[in-house]
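None of the figures in this text is laboratory data; all of them are computed from the coordinates on show. Small disclaimer: the values here were computed from a predicted structure and weren't measured. In this analysis, Cβ positions are derived from the backbone assuming ideal geometry, glycine residues included, and neighbour counts consider all displayed protein chains.
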Amino acid sequence: MGSRGGQRLPASRKYRVIASHKASYPEALVFAAGDVLEVEERETVWEGWIWCVKAGRVGAWVPEEYIERRGSRGTALRDYDSIELSVDPGDVLEACDEVAGWLWCADRDGRRGWVPRECVEPLGEY
């Protein structure tokens, strides 16, 4: 991850899910570094996240540090996928990135997505 990315975790880490999380949005926002996005003002309980829309279509929450913002427009500083994982207590996840209170994880079936950090506890590195 580049210098403007989220907190780099020490290699991959395993986490156990301690609280359920259900994905909030059925359609993911996916963009590449350099893409231009619309930035909308929306309230959220998640500090460090902004609402972005790509080409007037799909919108999603994006880590603020991933966008170079100029008013209501922004340019993506890195590739991004907003997909969330739905998880249940006892699930084991492998995380490789953390930003603004969320972890980018993979489950045992290889599905990838974001999970709130508050829903998991570390099992240790592997």
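Once phi is turned into ³J(HN,Hα) by the Karplus curve 6.51 cos²θ - 1.76 cosθ + 1.60 with θ = phi - 60°, what whole-Hz value does each residue of segment 58-74 show in order, with x for glycine and proline?
7, x, 6, 6, 10, x, 3, 6, 8, 10, 8, 9, 9, x, 8, 10, x
For segment 51-126, calculate the relative contact order in percent as a whole number, restricting contacts to Cα pairs under 8 Å that are 6 or more residues apart.
Values: 87 pairs, mean separation 14.8, N = 76.
Once normalised by length, the contact order is 20 percent.
Check residue 73: other-chain or 5+ apart residues with amide H under 5 Å from its amide H, H built from backbone geometry?
39
Enumerate the amide H contacts of residue 86 below 5 Å, restricted to partners 5 or more residues apart or on another chain; note that Pro and chain-start residues carry no placed amide H.
23
What are the ³J(HN,Hα) couplings of segment 77-94, residue after residue, when phi is run through the Karplus curve with 6.51, -1.76, 1.60 and θ = phi - 60°? Round to Hz, x for glycine and proline.
Values per residue, Gly and Pro as x: 8, 7, 5, 7, 9, 8, 4, 9, 9, 8, 9, 10, x, x, 4, 10, 10, 10 Hz.
Among 64, 41, which comes first, second and so on when ranked by fewest other beta-carbon atoms within 10 Å?
41, 64
Roughly how compact is the chain, stated as its Cα Rg over 2.2 N^0.38 Å to two decimals? Don't jump to the answer; show the numbers that get you there.
Details: Rg = 14.6 Å, N = 126, 2.2 N^0.38 = 13.8 Å.
Taking the Cα Rg and dividing by 2.2 N^0.38 Å, one obtains 1.05.
For residue 98, what residues show an amide H to amide H distance below 5 Å, using hydrogens built from the backbone and excluding near sequence neighbours?
Residues meeting the amide H criterion: 7, 9, 104.
Which whole-Hz couplings ³J(HN,Hα) result when phi for each residue of segment 35-49 is put into the Karplus expression 6.51 cos²θ - 1.76 cosθ + 1.60, θ = phi - 60°, listed in order with x for Gly and Pro?
Those phi angles translate into 5, 9, 10, 8, 10, 10, 7, 9, 7, 8, 7, 9, 5, x, 10 Hz.
With an 8 Å cut-off on Cα pairs and a minimum separation of 6 or more residues, tell me the relative contact order of segment 30-81 in percent. Please list the in-between numbers first.
Details: 97 pairs, mean separation 23.9, N = 52.
This gives 46 percent for segment 30-81.
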